[in-house]
Every structure is written in C-alpha cells, then in structure tokens.
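What follows is calculated from the coordinates using simple rules that are stated; it is not laboratory data. Everything quoted here is computed from the prediction, not taken from an experiment. Glycine gets a Cβ as well: all are built from the backbone with ideal geometry, and neighbour counts include every protein chain shown.
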Amino acid sequence: MDISEKIFKKLKELQKEEGSLPPYLELYRKLLLVQIDAKGNAPATKASLTKAEIENTLTNGIPLLKWDAIPVDWNSFQKLAQAAAKTIGEHSGNTEKSPEKVKLEIPSLQQMAKAWYEGSPLTTWANDLGIDEVLLSAVIDCAMKPLLTAQAKNLLKSFPQDMWRRGYCPVCGGKPDFAYLDREKGARWLLCSRCDAEWLFQRLECPYCRTSNQKDLAYYTDDKGMYRLYICKQCHTYLKTIDLRNAESEVLLPLERVLTADLDRQGQEKGYKGA
Ligand SMILES: [Zn+2]
Ligand SMILES: [Zn+2]
C-alpha cells in the first residue's frame with residue numbers, strides 16, 4: 001500500500017469514529033481520491049541524475065528537479081486538473097469565481113503548471129478564466145502532486161542528506177510547511193509543501209529567514225509533547241512539527257499536515273503566518 005492509500009484508509013477510520021469528517025478533511029479526502037484514480041495514467045519515466053550531477057547541483061544550492069525533466073502526460077494532467085477544479089469548486093461554494101465549471105485547456109495548463117512550479121503567480125490566468133487565484137493554485141497543486149511526489153521519492157533514494165541544509169526543498173525548490181523530530185536523535189527534518197520530500201535541517205534556525213538568533217526563536221508544545229509550534233519573531237512565520245519520539249502509532253506525515261489545522265489556528269492567533 002502506498003502512502004496515499006494508507007492516508008485514505010486512515011481517513012475512512014476517522015470518519016467511522018467521528019460519524020463525519022470536518023469540511024477541510026472531507027475536501028482533502030476527495031482530492032486524494034481524484035489523485036488515486038489518476039495514478040494509473042502517471043508516466044512511469046523518472047528523472048535520473050548521475051552522482052556527480054547530484055553533487056554539483058546541490059553544492060550550488062540548486063534543487064534537483066528541473067521543470068523540463070518532469071515527464072507529464074498532458075491528457076492525464078488535464079483530466080486530473082479538471083476533476084480537481086470540480087471538487088474544489090463544489091467545496092468552496094463561491095459561485096462567482098469558483099473553478100467548478102471552468103474549462104482548462106492543455107496549452108494554458110502547460111503554462112500555468114510551469115509558472116506554478118517556478119514560483120510565479122497565476123494572476124493572469126486566474127483573471128482570464130474568471131476564477132479565484134488561490135483556488136486555481138490549489139487546482140494546479142493537486143494535479144502536480146502525484147507527479148512531484150513520484151519524482152521526489154525516486155530522487156531521494158540516492159540523496160546525500162549531509163549536502164543540503166537549506167530552507168527550501170532539495171528536489172523541487174518548494175517551501176517546507178511541516179517538520180518532524182526523528183525517533184533516533186530528535187533531529188529535525190523538514191517536509192516540502194509541494195513534493196513531500198524530507199530533508200535534515202538545524203533545530204535552532206528558522207528555515208524561512210535563516211536567522212539563528214536564539215532571542216527570535218521559540219516553540220510552544222502541547223500537553224503530550226507530541227506537537228511543537230516553532231515560531232520566528234524575525235520573519236513572523238510558524239512551523240508545525242511532530243515529535244516522533246512521543247508518537248505511538250505510525251505517523252503519515254502528509255496527513256499530519258492537514259490534521260493539525262488547530263496548530264495553524266494557534267499560530268495565526270499569535271500573529272504568525274504559515275509558509
Ligand atoms: Zn519539494
Ligand atoms: Zn524566520
């Protein structure tokens with residue numbers, strides 16, 4: 001069972017226990033299903049790099065996965081994006097700028113996906129299509145996710161963890177939006193918001209602004225010592241973290257990111273923003 005199937009199973013159990021899932025989890029579950037359904041169509045080719053290429057790229061602070069090296073079957077991508085738009089649109093209930101009925105054509109999807117990957121805003125396309133930019137970005141994110149996680153999984157197999165201590169993802173260049181302290185030593189690992197890659201990072205440094213000024217860094221913890229909310233007073237950002245040394249059962253990190261919505265609320269209430 002791969003991780004998305006495990007997460008799907010876990011959500012089913014939660015739903016049984018609770019009777020129903022809160023709306024944000026229900027949306028997550030539906031999008032996951034859309035991605036699982038599309039999996040059969042994902043291109044099997046993987047970007048491959050030699051050891052020397054990997055080392056050279058990382059030394060220069062460049063993420064491993066170039067846009068052109070991502071194999072995309074655009075017909076499948078379009079189907080997945082269209083299904084994601086419908087699901088997100090239905091969920092948002094925002095009738096005027098909802099992506100529910102938008103028609104996403106391949107040429108514009110190609111441009112949008114590239115722009116999104118390179119961190120550019122999707123404002124122009126959102127305006128042209130008449131839909132909300134945040135929702136459009138969520139659509140592209142959903143359609144890219146299976147492609148990126150597959151590539152990350154492959155590239156991380158031979159990844160020299162000691163060569164990368166940066167605040168952005170070594171695979172796709174995305175920002176981390178979750179972290180964990182490992183069971184062995186309590187070392188801190190960051191989780192990429194886009195491709196779910198994990199990489200080691202200093203515990204006493206902010207990954208967003210790189211300050212290591214201890215006066216600006218702090219964390220809050222819950223009663224069980226299971227979760228931490230790291231905050232940085234320099235760039236006013238928070239980072240949700242799970243301490244695996246205190247976790248009893250198997251932890252599914254991409255799901256934890258969603259289940260910890262309460263930590264997001266706490267962070268925002270304290271005046272900090274997420275990645
Ligand atoms: Zn990434
Ligand atoms: Zn910071």
Once both label points are put 7 Å beyond Cα along the C-beta direction, the residue 269-residue 123 separation in nm becomes 3.4 nm
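Placing unit charges on C-beta atoms (Lys and Arg positive, Asp and Glu negative, everything else neutral), compute the dipole magnitude of the range 164-269 about its Cα centre in debye, rounded to 20.
For the range 164-269, the charge dipole is close to 520 debye.
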Contact order relative to length for the chain, counting C-alpha pairs under 8 Å separated by 6 or more residues, stands in percent at 14 percent
When the charge dipole of the range 3-156 is computed with +1 on Lys and Arg Cβ and -1 on Asp and Glu Cβ about the Cα centre, the Cα farthest towards its positive end, among 24, 70, 154, belongs to 154
In whole angstrom, the spacing between the Cα centers of the range 192-249 and the range 1-65 equals 22 Å
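So, with +1 on the Cβ of K and R and -1 on the Cβ of D and E, and no other charges, what is the size of the charge dipole of the chain about its Cα centre, to the nearest 20 debye?
440 debye
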For the pair residue 165 and residue 18, the simple spin-label estimate (label points 7 Å beyond Cα toward Cβ) gives in nm 3.9 nm
The size of the Cβ-based charge dipole (Lys, Arg +1; Asp, Glu -1) of the range 3-156 about the Cα centre, to the nearest 20 debye, is 520 debye
Ranking 266, 8, 249 by how far each Cα lies towards the positive end of the charge dipole of the chain (+1 on Lys and Arg Cβ, -1 on Asp and Glu Cβ), the top one is 249
The range 66-93 and the range 130-189 have their Cα centres apart by a whole-number Å value of 18 Å
Assertion target for 251, 72, ordered by fewest C-beta neighbours within 10 angstrom first, is 251, 72
For residue 222, the residues 5 or more places away or on another chain with a placed amide H closer than 5 Å to its own amide H are 227
So for the range 1-135, using the alpha carbon gyration tensor with a ≥ b ≥ c as root eigenvalues (a/c under 1.5 gives rounded; past that, a/b versus b/c decides prolate or oblate), I'd call it oblate
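Would you mind calculating the gained length between residue 218 and residue 69 on full extension (0.36 nm times residue separation, minus the Cα-Cα distance), in nm to one decimal?
In short, 49.7 nm is gained.
If we sort 252-258, 47-53, 125-131 on the protection proxy, mean other Cβ atoms within 10 Å, highest first, what's the order?
252-258, 125-131, 47-53
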